Amino acid sequence: MLNRGNAFSRAQLSEVSIQSAAGITGAIAAGRIVCYLKAIILSLAILFACAASASAQYTIWPSTATPAVSDVGADSPVELGVRFKADSNGYITGIRFYKSAANTGTHIGNLWSNSGTLLATATFANETASGWQQVNFATPVAITAGTVYVASYHSTIGHYSVTNSNFATAGVDNPPLHALANSTSTADGPYCYGSSSCFPTATYQASNYWVDVIFTPSSGTAGNPVSVSTTALPNGTVSVAYTQALSATGGTSPYSWSLASGSLPSGLSLASSGTISGTPTTAANSSFSVQVRDASGATASTSLGINVVNAALPTVAITSPANGSSVSGTVNIAGTASDGMSISSVKVAVDGGGYSNASGTTSWSFPVNSTSLSSGTHTFVAQVSDSGGRTATSSLLSLNVNNSSLAGNCTIYASPSGGGSGASSSSPASFAAAASATQPGSVVCLMGGTYNLGSTFVPPVSGTSSSWITYKSYGNGAVN
């Protein structure tokens, strides 16, 4: 008798034929030798085919997986199931379920379409006392990638195994097989009561009743079936360009992608290379399934979605100077802007006049020479525009312009917050820096504000008494 795993060399086969021929004469011996060799070769072929078939089988749960509750106790006859799908075309060869020691009696395994058509049935035999049980169908059932099916078994006395809420928020993914999460469209953990098998549709607490399938992928996918590795897609924004590449693993490259069901958001399309691109035109949440096909023709699919939202509205604000400030000379108006789309420009208008471009976008500035304005109150407003043609304006900024008391002979400018060169009123130096830079005859113009004289500075001491260093206020702001 040949045992699985035996291997024979040509020399060993010759030896077998010689030993078999001992004591046998003529054509009868030769015929028996030939038949014996054919039987050996056929047996080896069957063994190798079985080994190859076994290596290509997949289940949702490994044989080491166990339920949270192995025995719920006695119950009426009940059909318990699981909804699942596969990443590639293939065959369901049988059903498995996890058995408690008290779950005795006859058990029947069934495979259904998602609409309730019975595709195959088989009665479990030679069960062990507990643990995973398996029955094979007389004929494997072909299934289609990405299509939902229901596997179930019938128990006559209850004592089934369960893990409550196992499918509440997520399914079980063990590529190429996937048990689905419980939802209104795909209720998982289905059951039904009846004295004989029935199509299970009811659910309770998204429970997992530990029903499984044995799956063999179609030719070309055994051992490493093609599967979609993209599990989620980012949101899109109306009128903003969108590009996202799908990815797959396993199988034989190159891959070709297509839309299996549903529809992409308006303005987007899926290329055969697997890239979703375009510019969304409408805010909506779209659900769809994509399919990938490898070079051998094996396929896999998965369900995805893209939520397209309206872009955040543009905003713009003036952050300095403070509203109601008194200014003179050159004033730098600055602010910020934001937008859910790209910002095209930020502009500023004075006293309701035309807009002029500011420098920058999300952080911007706009210099104003107040000497070109009459003394008194003047208003300023900023406007932002985006790539979608949307605009927004800031709150009005009111400034009191007074250039009547500006000193005209300043050589150095200083302010309490100065950090500039001191060469102009728009770039004042600190008090200490300005004082340290004075020379005989210098005129230091102090801009309004409170100065901190705690810092030490050393003014020049050379020069004649007719060359005084003069400090004076600049503008109408109080100097403290």
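The values are calculated or read from the model by the stated rules, or taken from the named source; none is laboratory data. Note that the structure is a prediction, hence the values are computed from the model and not measured. Note: ideal-geometry Cβ built from the backbone for every residue, glycine included; neighbour counts use all protein chains shown. Surface accessibility is based on the protein's heavy atoms, side chains included, excluding ligands, DNA and RNA. Shrake-Rupley method; radii C 1.70, N 1.55, O 1.52, S 1.80 Å.
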### Query
Given Cα pairs under 8 Å that are at least 6 residues apart, what percent is the relative contact order of the range 273-393?
23 percent
### Query
Under a plain spin-label model, where a point goes 7 Å from the Cα along Cα-to-Cβ, how far apart in nm are ALA142 and THR391?
6.4 nm
### Message
7 Å from Cα along Cα→Cβ at both ALA322 and SER356: what's the point-to-point distance in nm?
### Response
2.7 nm
### Message
Please list, ordered by chain and number, the residues whose modelled amide H lies under 5 Å from the amide H of THR237; skip anything fewer than 5 residues away on the same chain.
### Response
VAL309
### Message
Once you order the gyration tensor axes a ≥ b ≥ c over the Cα atoms, which shape class does the range 77-183 get: rounded for a/c under 1.5, otherwise prolate or oblate by comparing a/b with b/c?
### Response
oblate
## Note on the structure
Rounded to one decimal in nm, the spacing of the 7 Å Cα→Cβ label points at SER424 and ALA65 is 7.3 nm
## Note on the structure
Of the convex hull drawn through the C-alpha atoms of the range 181-284, the volume per residue in Å³ is 158 Å³
### Query
Which residues in the range 375-394 place their backbone N less than 18 Å from a point set 7 Å from the Cα of ALA312 along the Cα-to-Cβ direction?
384-394
### Query
Name the chymotrypsin sites (Phe, Trp or Tyr not before Pro) in the range 144-235 that are in a loop by DSSP and that have at most 16 other C-beta atoms within 10 Å, would you?
TYR204
### Task
Keeping the other protein chains in place, figure out the carbon and sulfur percent of the accessible area of the range 68-194, with a 1.4 Å probe.
51 percent
### Query
So what is the relative contact order for the range 81-181, in percent, with contacts set as C-alpha pairs under 8 Å and at least six apart?
42 percent
### Task
Order these peptides, 82-92, 424-434, 367-377, by their mean beta-carbon neighbour count within 10 angstrom, highest first.
82-92, 424-434, 367-377
### Task
Determine the share of the range 304-419's accessible area contributed by carbon and sulfur atoms, expressed in whole percent, with a 1.4 angstrom probe.
47 percent
### Query
Per the Cauchy relation, a quarter of the hull surface: what is the mean projected area of the convex hull of the alpha carbons in the range 303-452, in nm²?
12.3 nm²
### Query
Roughly speaking, what is the stretch gain from THR169 to SER247, that is 0.36 nm per residue apart minus the C-alpha to C-alpha distance, in nm to one decimal?
25.7 nm
### Task
Note the full-extension length gain between GLN57 and ASN114 as 0.36 nm times their separation in residues minus their Cα-Cα distance, in nm to one decimal.
18.3 nm
